[in-house]
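First comes the structure, then the notes that go with it.
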Amino acid sequence: MKNLWMDIRYASRTLRQSPSFTALAILALALGIGANTAIYSVVHAVLIQELPYPDSGKIMVVWEHNRTRGVPKNVVGPANYVRWVERNTVFEEMAAVSDSSWNLTGDGEPQRISASVVTPSLFRVMGVDALLGRVLADDDAIPGAERVVLISQGLWEQSYGGDAAIIGRRITLEGRAMTIVGVVDANNPFPDDAQVWAPMPLPREARDFRGRYMLVVARLGNGVTIDEAQSEMNTIAARMEIELPDWDTGWGVNIVPLTDELTGEFRPALLVLFGAVGFVLLIACANVAGLLLARAFGRRREMAVRASLGAGRGRIIRQLLVESCLLSLVAGVLGTALAYWGVDALLAIAPAQIPGFIQVGIDADVLLFTLAASLGTGVLFGLFPAWESSRIDLVEAIKETQATTGRGHHRLRSFLIVGEISLALVLVAGAGLLVRSFMALRAVDPGFRSDNVLTLNISLPGASYGEEHQQRDFYERAVRDIAALPDVVSAGAISFLPMTGLAAATSFTLEDRQTPRAGERPVADVRSVTRNYFRAMGIPLERGRVFDERDDPDAPHKVVINRTMAETFWPDEDPLGQLVNMSWGEMLQAEVIGVVGDVRHAGLDSTPRSKLYWHHPQFVYDYMTIVARTTGDPSIAVPAIRGIIGRIDPTLPIARVSSMGDILSRSVREPRFAMLVLGVFAGVSLLLVGVGLFGLISFATAQRTREIGLRVALGAQRRQILGLVLGRGVALTGGGVAVGVVGALWLTRFLEGMLFGITPFDGWTYGVVVPLIVAVGLLATYLPARRAMNIDPIAALREE
């Protein structure tokens, strides 16, 4: 330890004597270590850290699997859930969840909050207890029981000031009085965005309900594996296909661990980014290793003196490794500071779907990773220079002759530069592919015009709007009054707005076609719209007409379909006048009166599906999204629209106020996030490559000062000197590009699932990336080459 402390003090003094070298090395390493720490903090929180539930590895999400349509994760119907609970032996407990949003009134300004209607078993499945009061009990779900709710810690603190006497308080939700029986800890709610939880009654009639809308979670029994649970549920599903052929033919069960369900979609992107940031650190290590090799050449006499005084190779290597580790530890401290800022930047641009209870930050585990990365980095970039420096020719080194030109050092530095360039090309190629993919995604026509469109959501409580005519009258008046505003061009409403993740679909048959067998009926998305919705959204009418005053509640049912449905079911005939039978509780029949353009509902990368648009007066919904096309900035119309809704019903809150442009932009946050982060890494790698190549060529040129001076003295022209120096840089850059292209073609295959509209072998991308790398290499080489052209031969020879 005494010798180690002596080495540390000596290394500190030595590094202080070379402030430029020390600052450059620390900065390069800090960028690499800081980026790795920031990305690892996200990876650790999302993919490694356990969820905040007891034995979270036993919690499963149980989906229905529609094998016929290839949908492995479909919401569950009550009829199937009840039978699963009765028949399975592999789960300790099962629970059902139905997400909604409710109006909270009577406590200040009306507000719309996220609500989950759940079976009380949910809290046993999740292992969650109440922060205050109690969780829901089975008796709370008995039909006719007192209406009770749990509220989230966030709602308790924000709306009720954290009042400890909140238990037993009555609040008004959806126009009905309910009693608060507990507060749920903010650290472990499920679903994580819920603000209230209410009990879900499942009466005997639920066995016969034909609808699918629930999320089901379950806890594995002791000693039961996922495969065993899947096998038993497959058996149960097979029996149910026989018992309920019209309902369950073609349907199975898919069990997914909760951890995978919550974080699985982020795994590919995070792993790609973690691998990319590892490349940045490798480039930084190669850069600093090159600097150390150049510095070691200047210290060869010092190492020779040490060796002549009895220091063995191991002692010299240890001294040099102490210096490199000291550099990396200081860089680790600076990198940690950069990581704090980096985490905030990542979260600012990260997709909003990351579960809210997953806390991303710099904790003890992340700091331990940073320490390990710093020490490992110090050994990685310091080992080769230390090994090379310990190979000493005592006579030549002490004589300080030019005979010792450090050819081994040059070869190793050249190898490092080639490696840096190849790694940088892989990163830049990956970033280029994501940029091209993002551009292709944004170029997709969503099927509507998003400019100058304001959207807002309203839900009518059943207590005040229990009758269909009340719901119909409210939306007709609201849309009519909003359309009359001076800044509004047109207004309409729809049950499920595109790009919001909400949807409804059901099976249907055609009147003039043979009825398909059970499980093979086609499915269409179902939307309820007001008459001017298509105009307000800029969705083109391609054939027939849209809804008007003729399609009142008492008229025969009419539907408008999209282009995909028309081309799929009537490719060679006119769809207008065709009859569609739709299963929606009861069988509804409607005549096709128009065809509109396709809308990409789920996202720009989604494929349009068959869609049935129903007229709201004939197909009433109690919750709708109002859309208003304005003459300019849509936000200007918000106060007037709020005033209109307030005059109609002052107890109704307005939720999700946003422009359609913002909604469209949020729908591509995930590819934008990956593109921006990988782009930053690629930029840093280019900077490091440029610095490393500049340093190598500058060092090599300085060593050849006498040679260049002689060449000039013997008549060499400036362009010849330029070619001499540029030649080495071009050779190194060319070697790095060749290796990098091969590596990029192999490694960018892992990006395939993140690309849209292009392949990992996109020629346009490589056509830009390769010249860019070459340009950086030429620029980094040209600067020392220009200096070489100005060498004074007399001064160079006199110096020798």
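Scan the stretch 378-387 and give yes if some residue there is in a loop (DSSP other than H, G, I, E, B), closer than 25 Å to Ala28 by Cα and modelled with pLDDT under 70, otherwise no. Talk me through it step by step, then tell me what you get.
Applying the first criterion (in a loop (DSSP other than H, G, I, E, B)) to the stretch 378-387 yields none.
There is no residue in the stretch 378-387 that is in a loop (DSSP other than H, G, I, E, B), closer than 25 Å to Ala28 by Cα and modelled with pLDDT under 70.
Just give me the residues in the stretch 607-624 being open to solvent by 20 Å² or more (accessible area, probe 1.4 Å) and among the polar types (S, T, N, Q), in sequence order.
Step one: filter the stretch 607-624 for residues open to solvent by 20 Å² or more (accessible area, probe 1.4 Å), giving 607-609, 618, 620-623.
Once the filter is applied, which keeps residues that are open to solvent by 20 Å² or more (accessible area, probe 1.4 Å) and among the polar types (S, T, N, Q), the stretch 607-624 yields Thr607, Gln618.
Among the residues of the stretch 37-52, how many are modelled with pLDDT of 90 or more and under 19 Å from Asn187 (Cβ atoms)?
1
Per-residue answers, yes or no, for (1) within 21 Å of Arg112 (Cβ to Cβ); (2) β-branched (Val, Ile, Thr):
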residue	(1), (2)
Asp139	no, no
Glu157	yes, no
Ile166	yes, yes
Gly175	yes, no
- request: Test each condition in (1) at pLDDT below 80; (2) exposed (fewer than 14 other Cβ atoms within 10 Å of the Cβ) for Ile392 and report the one that comes out false.
  value: (2)
field: Restricting the stretch 57-69 to residues that are of a type outside the set (D, E, K, R) and open to solvent by less than 10 Å² (accessible area, probe 1.4 Å), the residue that is farthest from Ala269 (Cα to Cα)
entry: Asn66
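Is at least one residue of the stretch 118-129 in a strand (DSSP E or B) and open to solvent by less than 30 Å² (accessible area, probe 1.4 Å)?
To start, the set of residues in the stretch 118-129 that are in a strand (DSSP E or B) comprises 118.
Next, only the ones that are open to solvent by less than 30 Å² (accessible area, probe 1.4 Å) stay: 118.
The answer is yes; a qualifying residue exists.
Test Pro54 against the stated conditions and say whether it is assigned to a loop (DSSP other than H, G, I, E, B) and open to solvent by 60 Å² or more (accessible area, probe 1.4 Å).
Values: assigned to a loop (DSSP other than H, G, I, E, B): yes; open to solvent by 60 Å² or more (accessible area, probe 1.4 Å): yes.
Yes: the conditions hold for Pro54.
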Selected residue (criterion: surrounded by the fewest Cβ atoms within 10 Å (Cβ to Cβ)) from residues of the stretch 642-679 that are over 30 Å from Asp445 (Cβ atoms) and aliphatic (A, V, I, L, M): Ile648
task: Could you give me the residue pairs with C-beta distances under 8 Å whose first residue belongs to the stretch 219-242 and is open to solvent by 60 Å² or more (accessible area, probe 1.4 Å), whose second residue is not basic (Lys, Arg) and not in a helix (DSSP H, G or I) wherever it lies, and which are 6+ apart or on separate chains?
output: Asn222/Glu92; Ile226/Met60; Ile226/Leu220; Ile226/Ile255; Ile226/Pro257; Glu228/Val90; Asn234/Gly252; Asn234/Val253
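Pick from the stretch 79-116 the residues that are touching an Asp or Glu at 6+ places or on another chain (Cβ under 8 Å) and of a type in the set (Val, Ile, Thr): which of them is surrounded by the fewest Cβ atoms within 10 Å (Cβ to Cβ)? First the steps, then the outcome.
Let us first name the residues in the stretch 79-116 that are touching an Asp or Glu at 6+ places or on another chain (Cβ under 8 Å), namely 79-80, 88-90, 102-103, 114-116.
Now narrow it down to the ones that are of a type in the set (Val, Ile, Thr): 89-90.
Numbers: Thr89: 10, Val90: 20.
Only one residue fits best here, namely Thr89.
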field: Count of the stretch 737-778 residues which are open to solvent by less than 20 Å² (accessible area, probe 1.4 Å) and either under 30 Å from Gly709 (Cβ atoms) or free of Cβ contacts under 8 Å to residues at least 40 places away in the same chain (or both)
entry: 1
- prompt: Of all residues in the stretch 470-508 being of a type in the set (Phe, Trp, Tyr) and surrounded by fewer than 21 Cβ atoms within 10 Å (Cβ to Cβ), which is farthest from Thr68 (Cα to Cα)?
  reply: Phe474
message: Would you confirm whether or not the stretch 190-200 contains a residue that is of a type in the set (A, V, I, L, M, F, W, C) and surrounded by fewer than 20 Cβ atoms within 10 Å (Cβ to Cβ)?
response: no
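Is it fair to say Gln195 is over 20 Å from Met60 (Cβ atoms) and touching a residue at least 24 places away in the same chain (Cβ under 8 Å)? Give the derivation first.
Working: over 20 Å from Met60 (Cβ atoms): yes; touching a residue at least 24 places away in the same chain (Cβ under 8 Å): yes.
Yes.
Pick out, from the stretch 588-696, the strands (runs of 3 or more DSSP E) lying fully within it that include 1 or more residues that are touching a strand residue (DSSP E or B) at 6+ places or on another chain (Cβ under 9 Å) and β-branched (Val, Ile, Thr).
Numbers: elements: 611-615, 623-630, 655-659.
By residue number, 623-630, 655-659.
Across the stretch 82-112, what is the total count of residues that are free of Cβ contacts under 8 Å to residues at least 24 places away in the same chain and in a strand (DSSP E or B)? Full working, then the answer.
So the first thing to find is which residues in the stretch 82-112 are free of Cβ contacts under 8 Å to residues at least 24 places away in the same chain, and the list is 85-86, 100.
Narrowing further to those that are in a strand (DSSP E or B): 100.
Adding up the residues that qualify gives 1.
Has the stretch 490-507 got at least one residue that is of a type outside the set (Gly, Ala, Ser), farther than 20 Å from Asp451 by Cα and touching a residue at least 12 places away in the same chain (Cβ under 8 Å)? It would help to see each step written out before you state the result.
Of all residues in the stretch 490-507, those of a type outside the set (Gly, Ala, Ser) come to 494, 496-500, 502, 506.
When the remaining residues are screened for being farther than 20 Å from Asp451 by Cα, the result is 502, 506.
Cutting the leftovers down to touching a residue at least 12 places away in the same chain (Cβ under 8 Å) gives us 506.
Looking for residues that are of a type outside the set (Gly, Ala, Ser), farther than 20 Å from Asp451 by Cα and touching a residue at least 12 places away in the same chain (Cβ under 8 Å), one finds at least one in the stretch 490-507, hence yes.
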message: Considering only residues that are touching a residue at least 60 places away in the same chain (Cβ under 8 Å) and under 20 Å from Ala350 (Cβ atoms), which ones fall in the stretch 653-670?
response: Ser658, Ile663, Leu664, Arg666, Ser667, Val668, Arg669, Glu670
field: Residues satisfying the stated conditions in the stretch 156-181, i.e. over 14 Å from Gly106 (Cβ atoms) and surrounded by 17 or more Cβ atoms within 10 Å (Cβ to Cβ)
entry: Trp156, Ile166, Val181
field: Breaking point among (1) more than 28 Å from Pro78 (Cα to Cα); (2) open to solvent by 60 Å² or more (accessible area, probe 1.4 Å); (3) of a type in the set (Ser, Thr, Tyr), for Thr630
entry: (2)
- prompt: Are any residues in the stretch 523-532 open to solvent by 10 Å² or more (accessible area, probe 1.4 Å) and either of a type in the set (S, T, N, Q) or over 19 Å from Thr564 (Cα atoms) (or both), and if so, which ones?
  reply: Thr530, Arg531, Asn532
message: Between Leu434, Leu454, which is within 30 Å of Gly492 (Cβ to Cβ) and surrounded by 20 or more Cβ atoms within 10 Å (Cβ to Cβ)?
response: Leu454
message: Which pairs turn up if I take residues in the stretch 166-183 that are closer than 20 Å to Thr651 by Cα and look for partners that are open to solvent by 40 Å² or more (accessible area, probe 1.4 Å) and of a type in the set (A, V, I, L, M, F, W, C) with beta carbon separation below 6 Å, at least 6 apart in sequence or on another chain?
response: Arg170/Ala177; Gly175/Ala463; Arg176/Ala463
query: For the stretch 457-569, which fully contained helices (runs of 4 or more DSSP H) count at least 2 residues that are under 33 Å from the mean Cα position of the chain (by Cα)?
result: 533-537, 563-569
message: Quick test for you: out of Glu511, Glu520, Glu467, Glu549, pick the one residue that is open to solvent by 10 Å² or more (accessible area, probe 1.4 Å), in contact (Cβ under 8 Å) with a residue 12 or more places away in the chain and over 30 Å from Val71 (Cβ atoms).
response: Glu549
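The values are calculated or read from the model by the stated rules, or taken from the named source; none is laboratory data. Note that this is a predicted model, so its numbers are computed, not measured. All Cβ positions, even for glycine, are placed from backbone atoms using ideal geometry, and neighbour counts span all protein chains on display. Protein only, heavy atoms only, side chains kept; ligands, DNA and RNA dropped before computing areas. Shrake-Rupley method; radii C 1.70, N 1.55, O 1.52, S 1.80 Å.
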